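Let me begin by presenting the structure, written as structure tokens, before commenting on it.
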Amino acid sequence: MASWDGPAAIRQSPPIDLSVPYDADWVKDKVILITGGASGFGAAFVRHWAKHGAIVIAGDINTAKGLEVVASVRQDCGHDRVHFVHCDVTSWQSQVAFFKQAVALSPHGGIDCVVANAGIAGHDPLQLPDSSISDMESPPEPKFAVIDVNLTGVLYTTHLAYHYLPRNPGSGPSSITSNPETRTRDRHLLLLGSIASLAPIVVQPLYGAAKHAVLGLFRSLRSTAFERDGIRVNLICPYFIDTPIVTPGARVMLAGGAMGKVEDVVDAATRFVASSNILGRALVVGPKVKLREVPTGPSTCTWELDVKNDGDEQDHGVKRYETAIWECYADDWEEVDAFDRNIVRVLNAVQAARGWTGWAIDIAKVMLGPIPVVGRLVQQ
């Protein structure tokens, strides 16, 4: 039996060669919608892409800050092709209005790229419950704002992106053979995960749960997006980056370590936005470090900090380089997706072997339900 070709089946592009330059000017004349565009990564995206000629529509719940950012960018860039629209990502109707306004502001009546960037962190009721509640009282309903913004808001944005991106006039299905130099329009969804998508942050369980969910969303969508009108889906997973979202408490815990820089997050995101042939990839962004890549097997390696040498020279199979960006889940279809596919194949085989008799038995169990016997329930 022929082996399953995961990359070909899901049309995922090859692992990214981060040493290959990209042309940020490809974003010129592209219409980019960004949630959470008034501060942090969002504001940095707005500035950088507007500088390279994109039409940027930024949404945020902080209207005053959003208008301030747009006014500053317009003055710096010397054009008025950057806009602000109030948007509360936790409100479906607010996001609908945001997307509709973005289409109205688009010179060609469509959206090329949607960046689901809005996110918050802060007090976590699962980690810090209300100690004033007595043992005999029931706790009040918790406020899960982090989930509302970081997960529900992202799902709203994704759902609307799936509606509007295929309706982008002049665009076509995304492809790994696409040439950014000749491709005029795009259909791109960029999700913002976190290092918390990959590893637990023990003092922020809600944040970790939301960002793990965004990773799961990405890994599912990238396998099926080509069937949904050829939308390309990519993911950024920043480490702790020096932005206002990093709370004072987190900064205390990180003291003595290193945080990443916003410009490296912008670099990684721009590579995705400007490279129309990148589909289904994820990049982690952390502090810039010098590394030694040491082989541990025929096709495996480990990273070690390189504290003695600079440059990219080769030395007995050890590659040395400096980077703030790594690719994660580069080859997971070969293991996880193939593993899942094999499980499903086995389960389908079991169902086929049981046949209609097994189906009838299961239906009978459902219809009969639990039968009480001697004061307890026995499932037939």
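A few notes on this one:
- Criterion applied to Ser19, Ser13 was being open to solvent by 50 Å² or more (accessible area, probe 1.4 Å) and not in a helix (DSSP H, G or I), and the one residue passing it is Ser19.
- Number of positions in the stretch 225-243 that are surrounded by fewer than 24 Cβ atoms within 10 Å (Cβ to Cβ), charged (D, E, K, R) and either farther than 30 Å from Gly170 by Cα or modelled with pLDDT of 85 or more (or both): 1
- Residue within the stretch 168-182 that is touching a helix residue (DSSP H, G or I) at 6+ places or on another chain (Cβ under 7 Å) and in a strand (DSSP E or B) present: no
For (1) among the basic types (Lys, Arg); (2) outside any loop (DSSP other than H, G, I, E, B); (3) at pLDDT below 95; (4) open to solvent by less than 10 Å² (accessible area, probe 1.4 Å), each residue gets a yes or a no:
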| site | (1), (2), (3), (4) |
| --- | --- |
| Thr90 | no, no, no, no |
| Gln95 | no, yes, no, yes |
| Gln101 | no, yes, no, no |
| Pro107 | no, no, no, no |
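- Against the conditions (1) more than 22 Å from Gly66 (Cα to Cα); (2) in contact with an Asp or Glu (Cβ under 8 Å, 6 or more places away or on another chain), Lys143 satisfies every one except (2).
- If you check Arg187, Arg222 for being in contact with a Gly (Cβ under 7 Å, 6 or more places away or on another chain) and at pLDDT 95 or above, only one passes: Arg187.
- Cβ pairs under 6 Å, 6+ apart, first in the stretch 66-82 and under 12 Å from Val46 (Cβ atoms) and touching a residue at least 60 places away in the same chain (Cβ under 8 Å), second open to solvent by 40 Å² or more (accessible area, probe 1.4 Å) and of a type in the set (Ser, Thr, Tyr): none
- Filter pass, Tyr207 being modelled with pLDDT of 90 or more and open to solvent by 10 Å² or more (accessible area, probe 1.4 Å): yes
The values are calculated or read from the model by the stated rules, or taken from the named source; none is laboratory data. If you're wondering where the values come from, they're calculated on a predicted model, not measured in any experiment. Don't worry about glycine lacking a Cβ; one is built from the backbone with ideal geometry, like all the others, and counts go over all protein chains shown. These area figures cover heavy atoms from the full protein model, side chains too; ligands, DNA and RNA do not enter into them. Shrake-Rupley method; radii C 1.70, N 1.55, O 1.52, S 1.80 Å.
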